[in-house]
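> Structure in structure tokens, see below.
The values are calculated or read from the model by the stated rules, or taken from the named source; none is laboratory data. Every value quoted in this text rests on a predicted model; they were computed, and no experiment measured them. We place every Cβ from the backbone using ideal geometry, glycine too, and count neighbours over all the protein chains shown. Quick note on the areas: whole protein, heavy atoms, side chains included, nothing else; ligands and nucleic acids left out. Shrake-Rupley method; radii C 1.70, N 1.55, O 1.52, S 1.80 Å.
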Amino acid sequence: MVWHTLTLEQIFSLIGTSPNGLLDEQVAGLYEKYGPNELLEKKRKPAWRILLNQFADFMIIVLVVASIISGFVGELTDTIVILVIVLLNAVIGFLQEYRAENAMAALREMATHHSVVLRNGHPVTISTVELLPGDVVMLEAGNIVPADMRLMEAHSLRIDEAALTGESVSVNKHILVIEESEIAAGDKLNMVFKGTLVTQGRGRGVVVATGMNTELGMIARMLQGEDVQTPLQARMADFGKKLSYGILVICAALFGIGLWAGQQVLPMLLLAISLAVAAIPESLPALITIALARGAKRLAKNNALIRKLPAVETLGSVTFICTDKTGTLTQNQMKVAGTIPNPIQAEALPGISLFEMAQALNHDVRVGAKDNLLGDPTELAVVESVAHRLGFDQLKEIITGFPRIAEFPFDAIRKCMTTVNDLQGSLLLLTKGAVESIAPMLNNEVEAQEILKQAAALSADGYRVLVYGFKWLDCIDAGFSLQTAECDLDYLGMVYMADPPREEISKAISECKTAGIRPVMITGDHPSTALAIASQIGLPAANSKMISGVSLNKLTPEEFASEVENISIYARVSPEQKLRIVQALQQRGQFVAMTGDGVNDAPSLKKANIGIAMGVSGTDVSKETAHMILLDDNFATIVKAVKEGRRIYDNIRKFVKYVLSCNGAEILTMFLAPLFGLPIPLLPIQILWINLVTDGLPGLALAGEKAEKNIMQRPPRQPGESLFAGGIGWHILWVACLMAAVALGTQAAAIHFQSGHWQTMVFTVLSISQLGQAMAVRSETQFIYRHGLFSNLPLVLTVLFTFVLQLVVIYLPWANQVFKTQPLTLVELSMSILLSAVVFHAVELEKFLRGVNRKVTG
């Protein structure tokens, strides 16, 4: 359909809509006809394929083949049990991968965009997926265009269509009919297309195509996210691969030693393969994915939506948080504290001054379906104030009775907004904005200097100041432009308002400083206003500095780099300067989180180590670029996210400590026994059982461990730091050696005292030692009873359940036959439990010695 060649009336008639949008009774039928407004994604991997993939591992296949051969030569029980254990392992692997995929899909769904549309003539916010042909959509700078639309209004509207046409320069749009039918999408200047970006101005359009019927859909430009490994996952996958090669070499050597010692070929082959399957940490990447995805889900419940999974693992490395002031540090509940009108001004209407008329007309606030006001908090405060003075009905009459015929929307560079309204044949131009922006536009220089002084005094008390100017126009002709509009203005008055700090901010700022993180305020407000708010919340650090955007521009890159770490407050800063701040801090080796909400913030959000978009006030472009979205626009939520990020990373480290030390103990026990002249300690079934019940479930439960008490009293983690830093590698090594030594010592002692149950004792000692390790690694610094024995109930229940299962394997007759175990006497069981406790107490002792060392060196 050549929508660009049709008039708006023809389009309304064809689609069955109106300038007021769709009616509620039309929506259900149209949704049935057109379906959701989304591009087709690649099909998710079906559950049966995920399950089959669990059996595609080479080592599993070899184990299955070896166990079947073992069955043919007479060990049928072994074959059945091994196959059952392999099946259970596959089910656990399937559940882990399936849960990880579901968690990631849920996170993607949470990041969907919303649009403001007219339904029944009133603006409402809906998910872009629910858009239908015939909907009238409002667009403003920072929006991602949600569907193909024919424009009805365009005020300085510019669109970045690079996603569709490859053209990097934003395109000016208009609403005129284009007669030529066969033209490229980039030349349809009266239309906007799904997936493109609004870079300037605002507009309104009627949806003519959704989903796969859009230009983007027809050229199959699928907007779908591919599953990409995070840096941590990639490092661990690479480590796991290298570790697997080492384990295979050890198992091959064990096989050779067994043959040399006179063991039979098939049993030794089965044993070596079983050990390799149990010791290779093939579940590590999957469990890390689950930990990250579950952490991201938990963050979302705390109002921090993770868009890019690496942000979860890197949150703990943040050293600087550069944050906006309004709505993030403050309550975003602007209230007008007072107005200072120019006493020399005429009435616009009986009883209504020109200053009040300006406040009623110069804004982008919309009236909702229930006569509620929607828009920017600053403008809302002004409009609510004037509505209170004039009455809401009077306000609506002014807005509808004096239509806007031209405008230059607000932008962060000019820091002002200009509108032209028709006042019964006379054209009134109104401009409002920051005092520094409006003062140079005034035609009275003496008056401008006085206004600057008044505004400075108000700003020093923490008020935000808006100044209004005006002039009358004879007409709007071809020469009307931004330059001719915003000059030679008469002063109307100023509005000053306050936005108090959030109650929880002072505590969050203090927590940041304790955690070694520098909070930095970046605002477009006057320096005095910024300093007043910053002082109230305790933000400035000792000997820190404040700088304005003007002063920042005067610094050379070298001068700024030398000062950037000492600056806590940036005032009157443009979004473009945010990028310079991020780059300067990163050059000094800092790890930067940066907040933003506008389209011009996208470069700094992308460049920052953690880009954080505002969920309430943020534009679609900023949200699409960011790593994380604050659903409540609250700085305290960033601090909570950092704490949660540190907790998640800590728990991944604990899981790695647990799994690798246990797997290392199994390898060392099996490999060293023949070298010490001892029999092979365990059978293949017993090795696989240990792997099934002790490695999997407790390891997964460790991901839910609560945060350490000192988690926000320690400095940020170095971004490139190895997962094995801080003594983790040594811990894994000595615990594996100790666990193996206890197991081999148990074996040697039991054989020495002629116990026929020595193999069951070794089996039990290894199993219970690993459970003790799971409990001990829950905290790196605190004894477990201080950390909270029952604070991670799933882990405690898992350990108890596993212990009971081990007793079942030892004492039930049918289990004795299956697992080749013998019932232990009370003395043997007591000795096995006591010996198993050695590992737990040794790890607890390590914490004590580390604490003593910290006190001595600290």
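> Can you name every one of the helices (runs of 4 or more DSSP H) wholly within the range 513-570 that holds 3 or more residues which are touching a Lys or Arg at 6+ places or on another chain (Cβ under 9 Å) and closer than 18 Å to Ala636 by Cα?
527-537
> Of all strands (runs of 3 or more DSSP E) completely enclosed by the range 582-643, which ones contain at least 1 residues that are touching a residue at least 60 places away in the same chain (Cβ under 8 Å) and among the hydroxyl-bearing types (Ser, Thr, Tyr)?
592-596
> Another one. Condition first: open to solvent by less than 10 Å² (accessible area, probe 1.4 Å) and charged (D, E, K, R). Now tell me which residues in the range 647-694 satisfy that.
Residues satisfying the conditions are Lys654, Glu666.
> Separate question: List every residue pair whose Cβ atoms lie under 6 Å apart, where the two residues are 6 or more positions apart in sequence or sit on different chains, the first residue falls within the range 785-796 and is without any contact (Cβ under 8 Å) to a residue 24 or more places away in the chain, and the second residue, located anywhere, is of a type in the set (A, V, I, L, M) and surrounded by 14 or more Cβ atoms within 10 Å (Cβ to Cβ).
If the second residue must be of a type in the set (A, V, I, L, M) and surrounded by 14 or more Cβ atoms within 10 Å (Cβ to Cβ), the pairs left are Phe790/Val796.
> Could you say which residue among Ser568, Ser574 is surrounded by fewer than 23 Cβ atoms within 10 Å (Cβ to Cβ) and at pLDDT below 90?
Going through Ser568, Ser574 in turn, the sole match is Ser574.
> When you check Gly462 against the structure, is it crowded, with 17+ Cβ neighbours inside 10 Å, outside any helix (DSSP H, G or I), within 43 Å of the chain's Cα centre (by Cα) and at pLDDT below 90, yes or no?
So Gly462 fits the description; yes.
> Among the numbered criteria (1) surrounded by fewer than 20 Cβ atoms within 10 Å (Cβ to Cβ); (2) in contact with a Leu (Cβ under 9 Å, 6 or more places away or on another chain), which one does Glu450 miss?
Condition (2) is where Glu450 drops out.
> Here are Leu292, Leu269: which of them is open to solvent by less than 10 Å² (accessible area, probe 1.4 Å) and modelled with pLDDT of 75 or more?
Going through Leu292, Leu269 in turn, the sole match is Leu292.
> Right, another one. Any idea which of (1) touching a His at 6+ places or on another chain (Cβ under 7 Å); (2) within 19 Å of Leu354 (Cα to Cα) is the one Asn443 doesn't satisfy?
Checking Asn443 against (1) touching a His at 6+ places or on another chain (Cβ under 7 Å); (2) within 19 Å of Leu354 (Cα to Cα), the one that fails is (1).
> In addition: Any residue in the range 656-672 that's under 23 Å from Ala261 (Cα atoms): show its pairings with residues that are open to solvent by 10 Å² or more (accessible area, probe 1.4 Å) and among the polar types (S, T, N, Q) at Cβ separation under 9 Å, as long as the two are six or more apart or on different chains.
Listed pairs, sorted by first residue: Glu666/Asn691.
> I'm trying to understand the selection: among the residues of the range 296-341, which are in a helix (DSSP H, G or I) and over 10 Å from the mean Cα position of the chain (by Cα)?
Those that are in a helix (DSSP H, G or I) and over 10 Å from the mean Cα position of the chain (by Cα): Arg298, Lys301, Glu313, Thr314, Gly316, Ser317.
> When only residues in the range 699-725 that are among the polar types (S, T, N, Q) and at pLDDT 85 or above count, which is farthest from Arg518 (Cα to Cα)?
This residue is Asn710.
> When you scan the range 142-159, do you find a residue that is open to solvent by 50 Å² or more (accessible area, probe 1.4 Å) and within 23 Å of Ser617 (Cβ to Cβ), even just one?
Yes, the range 142-159 contains a residue that is open to solvent by 50 Å² or more (accessible area, probe 1.4 Å) and within 23 Å of Ser617 (Cβ to Cβ).
> Additional query: Looking at Ile522, Ile547 in this structure, which one is β-branched (Val, Ile, Thr) and either touching a residue at least 40 places away in the same chain (Cβ under 8 Å) or open to solvent by 60 Å² or more (accessible area, probe 1.4 Å) (or both)?
So the residue among Ile522, Ile547 that is β-branched (Val, Ile, Thr) and either touching a residue at least 40 places away in the same chain (Cβ under 8 Å) or open to solvent by 60 Å² or more (accessible area, probe 1.4 Å) (or both) is Ile522.
> Sort through Pro403, Pro409, Pro377 and tell me the only one that's open to solvent by 50 Å² or more (accessible area, probe 1.4 Å) and of a type outside the set (S, T, N, Q).
Pro403
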